Every structure is written in C-alpha cells, then in structure tokens.
Amino acid sequence: MKAAPDYFELDDDGFVVVKKSDVTSEAEGRVINAVTRCPKSVFTLLADGKPVELP
C-alpha cells in the first residue's frame, strides 16, 4: 500500500496487514487514498465506531 506504508503493508502471501489503526490528522488523506484505491475494496474506515462515507 504505497500511499500509506506506515499504516499498511503486504505480507509474503500478498495480504494487507494493518500496522496502525489510529490515524493522525496529518496522515488522514494518505490513508483515505490507500483505502479508496484498494482494488478489492476490502477496507472500511471507522470514526467513533461508525463507518465513514468515502468519496
């Protein structure tokens, strides 16, 4: 996940590993970009335990 490598990485089998779950305000745009560009749409962002509407 090139857009946010400090938050996501691929393991040896090609699965995404979430490295950190608390997103800082400065990283928010990069994380949203990584999530929305995921070709399999496997991510859901949550804020206060509720799904976030993404563009």
PHE8 being among the hydrophobic types (A, V, I, L, M, F, W, C) and modelled with pLDDT of 90 or more: yes
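Assess whether ALA3 counts as being in contact with a Lys or Arg (Cβ under 9 Å, 6 or more places away or on another chain), among the hydrophobic types (A, V, I, L, M, F, W, C) and either surrounded by fewer than 11 Cβ atoms within 10 Å (Cβ to Cβ) or outside any loop (DSSP other than H, G, I, E, B) (or both).
Working: in contact with a Lys or Arg (Cβ under 9 Å, 6 or more places away or on another chain): yes; among the hydrophobic types (A, V, I, L, M, F, W, C): yes; either surrounded by fewer than 11 Cβ atoms within 10 Å (Cβ to Cβ) or outside any loop (DSSP other than H, G, I, E, B) (or both): no.
Spelling it out, it is not the case that ALA3 is in contact with a Lys or Arg (Cβ under 9 Å, 6 or more places away or on another chain), among the hydrophobic types (A, V, I, L, M, F, W, C) and either surrounded by fewer than 11 Cβ atoms within 10 Å (Cβ to Cβ) or outside any loop (DSSP other than H, G, I, E, B) (or both).
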Looking for whichever is at positive phi and either among the polar types (S, T, N, Q) or not in a loop (DSSP other than H, G, I, E, B) (or both) here; the options are SER25, SER41, SER21. Which one fits? SER41
Taking the condition of being open to solvent by 70 Å² or more (accessible area, probe 1.4 Å) and of a type in the set (A, V, I, L, M, F, W, C), how many residues in the range 19-52 meet it? 2
Any chance you could count how many residues in the range 7-18 are open to solvent by less than 80 Å² (accessible area, probe 1.4 Å) and in a loop (DSSP other than H, G, I, E, B)? 3
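The values are calculated or read from the model by the stated rules, or taken from the named source; none is laboratory data. Predicted model only: the values in this text are computed from it and were never measured. No Cβ is skipped: glycine too gets one built from the backbone with ideal geometry, and neighbour counts run over all protein chains shown. SASA here: full protein model, heavy atoms, side chains in, ligands and nucleic acids out. Shrake-Rupley method; radii C 1.70, N 1.55, O 1.52, S 1.80 Å.
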